[in-house]
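Each remark here refers to the structure printed beneath this line.
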Amino acid sequence: MLYNRKNFFCQEPEPAVSPGKRQKAKAKVEEEEVWRWWEEEKRADGVKWSTLEHKGPVFAPRYERVPRNVRFYYDGKPLELSEETEEAATFYAKMLNHDYCTKEVFNNNFFKDFRKSMTPREREIIKDFRKCNFQEMFNYFQAESEKRKAASKEEKLIKKNENEALMKEFGFCMIDGHKEKIGNFRLEPPGLFRGRGEHPKMGMIKRRIQASDVSINCGKDSKVPSPPPGSRWKEVRHDNTVTWLASWIENVQGQVKYIMLNPSSKLKGEKDHIKYETARRLDKVIDKIRATYRDEWKSKEMRVRQRAVALYFIDKLALRAGNEKDEDQADTVGCCSLRVEHVQLHKELNGKENVVVFDFPGKDSIRYYNEVEVEKRVFKNLELFMEHKKEGDDLFDRLKTQVLNEHLKELMEGLTAKVFRTYNASKTLQSQLDLLTDPSATVPEKLLAYNRANRAVAILCNHQRSVPKSHEKSMENLKEKIKAKREAIEKCESEYHSRDEKKGKQLERLRDQLKKLELQETDRDENKTIALGTSKLNYLDPRISVAWCKKHDVPIEKIFNKTQRTKFLWAVHMADENYRF
DNA sequence: GTTAGCACTTAGTAGGGTCGTC
DNA sequence: GACGACCCTACTAAGTGCTAAC
């Protein structure tokens, strides 16, 4: 089967809202609107755009007071609250059934900020968090949520239309003469900060953002977005060396937050393309780099040895760089910031020699646990690095991410620690696809192979997810279906005799269906705690997947959903079936 | 050389939308 | 048409890495 762009997408699984013609016309319009930036020359001067015009961000809806019969109770008695205090109370009430509310730090931080929002009189009364009762408010929001779910078709349609209108007005910008989608055009609404892991600031109140907090970035000759009546932007600037459209400083951690473009945009796509090209360049020098760092394990200089061992881990295990962190953040680490308590050395473990057991909280406080057999020299070095150190001491005390990256840049232009993660992820996908794909297999079988290759990457990168609530149930359902299918096959077999062509066909169909269900069962169970999406979106060169689909006659929409297809449109156009990473 | 600030990428999850099944 | 499962997307936190200022 030949794949031009048209038939590559022709098996769209999305519902046909209207038959044939209209759909085709729409697809044509969409196609015409596509900016084929990958066919244009890249700018090398750091200028990101020439013209930029947008409508500014959408503000969070005004606070609406809860009905008077929905009360906050203090010490068993209803207490009327001022508007600001009530709003803060609703932030907590909305989270009442969440795990966060069982955490002392969360409750303490919230209560401290809650008291700050109070009037002096309220502050005089509300002194003990344990005497606060948000239950009635919680019940109210639950009921509201139920109401929304149970709304009539018409009501839901009105909401949908309103949303679409808002998206149409604020969700796009004009950049260099092209209409592009904005990623997050709404300002973050006020609420409680949900830091991950043991975050010391969890529960603090994220305050409402006003126009006076927001900086706008747009073209010099463009129409400046209008702030809400009676207000002014913090600043309007025209900086074409950055990609953001608006920014503000968030009050909990003091970080800058941005309004930026959607991943389907040229600005993001071009950067993504460059990222994978850098990783491909690494492929050309990786053997030399590996030989060098192995050599440096013997260096006389401790800092060189540490750098070489750290780089080995970054390369072999796809660890993150591990920048230093502040005290007021969750205690998480990456490679360079590993401490002695995060690794254990075993001369022998489970029949393997020179085993390093990694056990540390990584990004998002996701646990990284891995028992790794390492080269003897690495093991000896680690013993040396750990000598005379106590808990809390850095494993690589002579190494910082910046030093490592400066070194890497000397080995290859544009090389940083994170390139290894991209490189090893994409390399793994490609080699696993080569290994697992049987060209004569059915499409479902090929998809299982693809998912397994994707899974190998997700495991390498430690992309975890919590087991979906419905996992147990959905596995049971699948098992039931499989059982029923087997029974149907048995029944069909008992009725079949060699000349009965119709029965034969039916039998064949049933067996196919059974196979498909069994494959689905394997796939789902293997995927229980592993998140495939993260690597697909951020680490896997999409051209590998595009090429694989083309080569093996697998419709691209079986691999990429609609969002992923728009993000990776450049790859769909660039890669043919012979593309190699 | 160190640190802080900035810009941008990477990350998991909540919850609403969609689809298949009865 | 109702219901439940699951898929998708928006959201926003948490990383990386660069640069400028001290």
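Tabulated data for the structure shown
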item: Scan of the stretch A:175-200 for residues that are surrounded by 17 or more Cβ atoms within 10 Å (Cβ to Cβ) and in contact with a Gly (Cβ under 9 Å, 6 or more places away or on another chain), ordered by number; result: A:Ile175, A:Ile182, A:Phe185, A:Leu192, A:Phe193, A:Gly195
item: Of residues in the stretch A:375-402 being within 15 Å of DNA strand C (Cβ to nearest atom) and under 16 Å from A:Phe313 (Cα atoms), the one most open to solvent (accessible area, probe 1.4 Å); result: A:Lys400
item: Any hit, the stretch A:87-106, residues being more than 16 Å from DNA strand C (Cβ to nearest atom) and basic (Lys, Arg); result: no
item: Selection from the stretch A:170-194 of residues that are more than 12 Å from DNA strand B (Cβ to nearest atom) and either among the aromatic types (Phe, Trp, Tyr) or touching a Lys or Arg at 6+ places or on another chain (Cβ under 6 Å) (or both); result: A:Phe170, A:Phe172, A:Phe185, A:Pro190, A:Phe193
item: Of all residues in the stretch A:359-373 being of a type in the set (D, E, K, R) and within 11 Å of DNA strand C (Cβ to nearest atom), the one that is most open to solvent (accessible area, probe 1.4 Å); result: A:Lys363
item: Within the stretch A:521-551, tally of residues that are of a type outside the set (D, E, K, R), at pLDDT below 80 and surrounded by fewer than 17 Cβ atoms within 10 Å (Cβ to Cβ); result: 1
item: Qualifying residue in the stretch A:276-296 (condition: under 30 Å from A:Lys562 (Cβ atoms), outside any helix (DSSP H, G or I) and either away from DNA strand C (no atom under 16 Å from the Cβ) or at pLDDT below 95 (or both)); result: no
item: Residue in the stretch A:491-499 that is modelled with pLDDT under 90 and open to solvent by less than 60 Å² (accessible area, probe 1.4 Å) present; result: yes
item: All positions within the stretch A:225-268 that are in a loop (DSSP other than H, G, I, E, B), more than 8 Å from DNA strand B (Cβ to nearest atom) and open to solvent by 70 Å² or more (accessible area, probe 1.4 Å); result: A:Ser226, A:Pro229, A:Gly230, A:Arg232, A:Lys234, A:His238
item: Positions within the stretch A:224-246 being in contact (Cβ under 8 Å) with a residue 40 or more places away in the chain and within 16 Å of DNA strand C (Cβ to nearest atom), in sequence order; result: A:Asn240, A:Thr241, A:Val242, A:Thr243, A:Leu245, A:Ala246
item: Residue within the stretch A:154-174 that is in contact (Cβ under 8 Å) with a residue 24 or more places away in the chain and away from DNA strand C (no atom under 16 Å from the Cβ) present; result: yes
item: Residue count for the stretch A:412-443, restricted to those that are within 20 Å of the chain's Cα centre (by Cα) and open to solvent by 70 Å² or more (accessible area, probe 1.4 Å); result: 1
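The values are calculated or read from the model by the stated rules, or taken from the named source; none is laboratory data. Keep in mind that this is a model prediction, so the values were computed, not measured. Every residue, glycine among them, receives a Cβ derived from its backbone with ideal geometry; neighbour counts consider all protein chains shown. To get the accessible areas, we keep the full protein, side chains included, count just its heavy atoms, and leave off ligands, DNA and RNA. Shrake-Rupley method; radii C 1.70, N 1.55, O 1.52, S 1.80 Å.
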